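> Input: one structure, supplied below.
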Amino acid sequence: MTVNTGFWRIENVELRRYQPSDCIKLAELFYHTVHTVNIRDYTKEQLNAWAGGEIDLEKWNRSLLEHFTIVAVDNGTIAGFGDIDNTGYLDRLYVHADYQRKGIAAAVCDQLEQAVSGDIVTHASITAKPFFENRGYRVIQEQQVERQGIFLTNFVMEKKR
């Protein structure tokens, strides 16, 4: 399947619904992405607090099943994923470091945004903030989130529809 995001054409990328067998790979992608992509905006200590490598897979699986979750697969490799709940809270959007700036996040986000009819809210990292701003989201507030005694900056962002 070819995904046309308007700016990039992504060959051989399949966008599909989440399956429980994806959970471990998504957890690994999350950890790897946070520790490689977000390193320019957060300290090592902050990255370890955000993604320490100990994810409750049962909790993640339950959450990903309850939400509308899309997985991007490139020739058998999971390139990214994202999920949104029925209230319009876009919870996670992560793209593997090797697939950054190729339109994967935009393609996944397009699917997530189409899954709900109302406004959308997300908590965007410093790294993700420009991506969401380019999609029409606006910052509601900057916040400091505490994880394991460590504070991380992120932004509550909203897209009005």
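> Only one of 129, 102 is of a type outside the set (Val, Ile, Thr), modelled with pLDDT under 95, buried (at least 17 other Cβ atoms within 10 Å of the Cβ) and more than 27 Å from residue 65 (Cβ to Cβ). Can you tell me which?
Going through 129, 102 in turn, just one is of a type outside the set (Val, Ile, Thr), modelled with pLDDT under 95, buried (at least 17 other Cβ atoms within 10 Å of the Cβ) and more than 27 Å from residue 65 (Cβ to Cβ): 102.
> Sticking with this one: Name the residue, out of 66, 158, that is acidic (Asp, Glu) and in contact with a strand residue (DSSP E or B) (Cβ under 8 Å, 6 or more places away or on another chain).
Numbers: 66 fails: in contact with a strand residue (DSSP E or B) (Cβ under 8 Å, 6 or more places away or on another chain).
Just one listed residue meets the conditions, 158.
> Here's another thing I want to ask about it. If you check every pair at least six apart or on different chains, which have Cβ atoms under 6 Å apart with a residue in region 101-125 that is in contact (Cβ under 8 Å) with a residue 40 or more places away in the chain first and a residue that is assigned to a loop (DSSP other than H, G, I, E, B) and of a type in the set (A, V, I, L, M, F, W, C) second?
Correct list of pairs: 102/8; 103/8.
> Further question on the same structure: Among the numbered criteria (1) assigned to a helix (DSSP H, G or I); (2) under 16 Å from the mean Cα position of the chain (by Cα), which one does residue 48 miss?
All conditions are met except number (2).
> Does residue 137 satisfy the criteria of being hydroxyl-bearing (Ser, Thr, Tyr) and touching a residue at least 24 places away in the same chain (Cβ under 8 Å)?
Against the criterion (hydroxyl-bearing (Ser, Thr, Tyr) and touching a residue at least 24 places away in the same chain (Cβ under 8 Å)), residue 137 does not qualify.
> Hey, another quick one. Please identify the pairs in which a residue from region 37-58 that is touching a residue at least 40 places away in the same chain (Cβ under 8 Å) and of a type in the set (S, T, N, Q) has its Cβ atom under 6 Å from the Cβ atom of a residue that is surrounded by 11 or more Cβ atoms within 10 Å (Cβ to Cβ) and assigned to a loop (DSSP other than H, G, I, E, B), counting only partners at least 6 apart or on another chain.
Every condition considered, the pairs that remain are 38/127.
The values are calculated or read from the model by the stated rules, or taken from the named source; none is laboratory data. Every value quoted in this text rests on a predicted model; they were computed, and no experiment measured them. Note: ideal-geometry Cβ built from the backbone for every residue, glycine included; neighbour counts use all protein chains shown.
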